[in-house]
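In what follows, a structure is listed as structure tokens, so that the remarks can point back to it.
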Amino acid sequence: MNLSEEKEKPKRIPWDEYWMNIVADVAERSTCLRRQIGALVVKNNVIISTGYNGAPRGFPHCLDVGCRRDKLNIASGERHEECVGVHAEQNALLQAGRDAEGATLYVNAYPCKICAKQIINAGIRRVIMTGDYSDTEGLDYLRMAGIELVYL
């Protein structure tokens, strides 16, 4: 068989798309009633950590007790302190620790301003996103810090 008769090689998806597919699976572990968010910290094409949004360890999950923010009629992107949940980005950064330095964060929503500050201080260099979020101020923070933002 010569080269012209060889079968065409299967196409591989790009790395960013591959990682975002994993983010979608991670988000399915979320216990939030409003939005299922997943996050992934990747460095040198190796997963450092994952995170999804949900109650802190040992707390009852919103799936079981209901959403405090819904009960208080709080709009998306407002009064984060009223939510018992920990954001996906926060969980991923906590698990990554110092290994997050220089890494890429993949997330299926815009990071809020609280998460943006933590992303900056963790030393994340790139944030790859799908989806959106009602509060875009976090994106402004990330831009001010010189973090590369990519929207797929």
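The values are calculated or read from the model by the stated rules, or taken from the named source; none is laboratory data. Just so we're clear, the structure is a prediction, and the values are computed from it rather than from any experiment. In this analysis, Cβ positions are derived from the backbone assuming ideal geometry, glycine residues included, and neighbour counts consider all displayed protein chains. The accessibility values were calculated without ligands, DNA or RNA, using every heavy atom of the protein model including side chains. Shrake-Rupley method; radii C 1.70, N 1.55, O 1.52, S 1.80 Å.
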Point to revise | Scope the range 118-152; condition aliphatic (A, V, I, L, M) and either outside any strand (DSSP E or B) or crowded, with 23+ Cβ neighbours inside 10 Å (or both); matching residues | key: 119, 120, 122, 124, 127, 139, 142, 144, 145, 147, 152
Exercise for review: Scan the range 104-117 and give yes if some residue there is small (Gly, Ala, Ser), over 20 Å from residue 21 (Cα atoms) and either in a loop (DSSP other than H, G, I, E, B) or open to solvent by 20 Å² or more (accessible area, probe 1.4 Å) (or both), otherwise no.
Suggested key: no
**Study point:** Residue ID - surrounded by the fewest Cβ atoms within 10 Å (Cβ to Cβ), chosen from residues in the range 30-47 that are under 13 Å from the mean Cα position of the chain (by Cα) and more than 15 Å from residue 128 (Cα to Cα)
**Key:** 35
Check your understanding: Does residue 123 count as farther than 22 Å from residue 17 by Cα, modelled with pLDDT of 95 or more and among the small types (Gly, Ala, Ser)?
Key -> yes
Check your understanding: Taking residue 57, is it among the charged types (D, E, K, R), part of a loop (DSSP other than H, G, I, E, B), open to solvent by 80 Å² or more (accessible area, probe 1.4 Å) and over 19 Å from residue 122 (Cβ atoms)?
Key -> yes
